[in-house]
Amino acid sequence: MVKELVFVWENFGPIHADRCEAVARYFAGKLSVIGIELASKSEVYEWESVPGVGFVKETLFQGRSIEAVGVWPRLFRTLKVCFRHRSAVFFLCHYEHPATFLTAIALRICGKRVIVMNISKYDDNKRILLREIGKSVFYLPYCAAIASGDRGRDYLRFLGIPEQKIAINYNAVSLGRIRRLAAVPPAPDGPAHSERHFTIVARLVPKKNLFVAIEAYWIYRRGARAARPLYICGSGELESALKRRVQELGLVEDIIFTGFLQTEETCRYLGKTLALLLPSIEEQYGNVVIEAQALNIPVIVSENCGARDRLVRNGVNGFVVEPDNPEGMAFFMSMLSEDEALWTRMANAVPRFSPGGDVGQFAEAVASLVQPEPLPSD
């Protein structure tokens, strides 16, 4: 009989803790929740590893990034901790890593239920048939899956997982936590429309399409009666090149690079934001859309953004634009900047959609895959 739910992620940021806490609340008094963090550092994300509240968190490699850990140490230590939890359902991320794949196989051989958590969708990249066939082999050990959204569910079905065994809403954030950290009322309350700025929260990497965002801002800036600043929150390999481009366009005083910010600082910027910009070429989901919507902030996102499927309605609570269309993005920026009534209407519309990104949705997805087996009685 299932007594525990074990979630394995490479590194625990605030979002991972949100999910485990939500599941722990959902199953309070019924099932225990264990969060296994493979390493306390990440070379991809600079967030601080956070403790668990309401669930047990275990870190396998303290003071190291998972990228610095070899396949075999990672495999052996993961298996060791998983086998300590004999009556558990296991939720694994990063299916493509050999250690994760072998862990899933070993657990299934021992009769455990193993569920994959995946954010990919078919349109993230150009797909090659032979590679997709090979990829489907990595999903064979899993008995079910949690996908990010509709397009993610379709992709997992394409890779061989039966549709009735796929739940959605993997990407979820605690709306309450974001609101507490922002320390301002959600829009249209809080800072006045005239005092707000544009914000980008993203890693400074090619797929985030930030050169197009800067071009869109330049177009917006040329036609604006009173242009608002743009804050770019994040760090990454393109930082120097992006700053050079900003200087070339004469926008140094208008576009402010904040560097990487922890969640609390990011929320404070979002609390003063007119609109969030996310023009990504490739964006499996876009958790920052949920964070913005926690504060009723309209968004301008690319059609590639997975979050748009369920959280964004074009012209209702935000705008959807092609990733190679800076003129269109600038047009939407001008509309929200100059038309306070439009911005207020969109901000008031956000709460119709934002609950779809809350962590309660993730807990329900977990429950839909776990509860076919009876819960322990009180």
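Structure values in brief
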item: Residues located in region 47-73, provided they are in contact with an Asp or Glu (Cβ under 9 Å, 6 or more places away or on another chain) and on the phi > 0 side of the Ramachandran plot; result: G54
item: Failed item in (1) hydroxyl-bearing (S, T, Y); (2) modelled with pLDDT of 95 or more; (3) touching a Lys or Arg at 6+ places or on another chain (Cβ under 6 Å), with S87 passing the rest; result: (2)
item: Residue tally, condition over 19 Å from the mean Cα position of the chain (by Cα) and among the polar types (S, T, N, Q), over region 97-137; result: 3
item: Restricting region 232-260 to residues that are within 21 Å of A294 (Cβ to Cβ) and without any contact (Cβ under 8 Å) to a residue 40 or more places away in the chain, the residue that is surrounded by the fewest Cβ atoms within 10 Å (Cβ to Cβ); result: T258
item: Given (1) hydroxyl-bearing (S, T, Y); (2) over 23 Å from V321 (Cβ atoms); (3) at pLDDT 95 or above, index of the condition T263 fails; result: (3)
item: Some residue of region 321-331 being at pLDDT 95 or above, outside any helix (DSSP H, G or I), buried (at least 18 other Cβ atoms within 10 Å of the Cβ) and within 22 Å of the chain's Cα centre (by Cα); result: yes
item: L140 modelled with pLDDT of 95 or more and either closer than 28 Å to V71 by Cβ or more than 22 Å from the chain's Cα centre (by Cα) (or both); result: yes
item: The lone exception for D324 - which of (1) of a type outside the set (A, V, I, L, M); (2) in contact with a helix residue (DSSP H, G or I) (Cβ under 6 Å, 6 or more places away or on another chain); (3) not assigned by TED's automatic domain parsing to the domain that holds H16 it fails; result: (2)
item: Selection status of V44, more than 26 Å from V137 (Cα to Cα) and in a loop (DSSP other than H, G, I, E, B); result: yes
item: Hits in region 109-135 (condition: buried (at least 18 other Cβ atoms within 10 Å of the Cβ) and in a helix (DSSP H, G or I)); result: D124
item: Only listed residue being in the same structural domain as A68 (by TED's automatic domain parsing) and not in a loop (DSSP other than H, G, I, E, B), chosen from A106, A213; result: A106
item: Residue check, L278 within 14 Å of the chain's Cα centre (by Cα) and under 26 Å from E338 (Cβ atoms); result: yes
item: Number of positions in region 136-153 that are surrounded by fewer than 16 Cβ atoms within 10 Å (Cβ to Cβ) and touching an Asp or Glu at 6+ places or on another chain (Cβ under 9 Å); result: 1
item: Qualifying positions in region 28-51 - at pLDDT 80 or above and out of contact with any strand residue (DSSP E or B) (no Cβ under 7 Å at 6 or more places or on another chain); result: A28, G29, K30
item: Close pairs (7 angstrom Cβ cut-off, 6 or more residues apart or separate chains): of a type in the set (D, E) in region 337-361, in a helix (DSSP H, G or I) anywhere; result: E340/H193; D358/L175
item: Exclusive hit being closer than 20 Å to P188 by Cβ, crowded, with 24+ Cβ neighbours inside 10 Å and within 14 Å of the chain's Cα centre (by Cα), set V289, V299; result: V289
item: Candidate set: region 62-84, residues that are more than 27 Å from K135 (Cβ to Cβ) and part of a strand (DSSP E or B); chosen: the one modelled with the highest pLDDT; result: Q62
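The values are calculated or read from the model by the stated rules, or taken from the named source; none is laboratory data. Quick caveat, the model's predicted, so the values are computed rather than measured. Please note: Cβ atoms are built from the backbone with ideal geometry, for glycine as well, and neighbour counts cover all protein chains shown.
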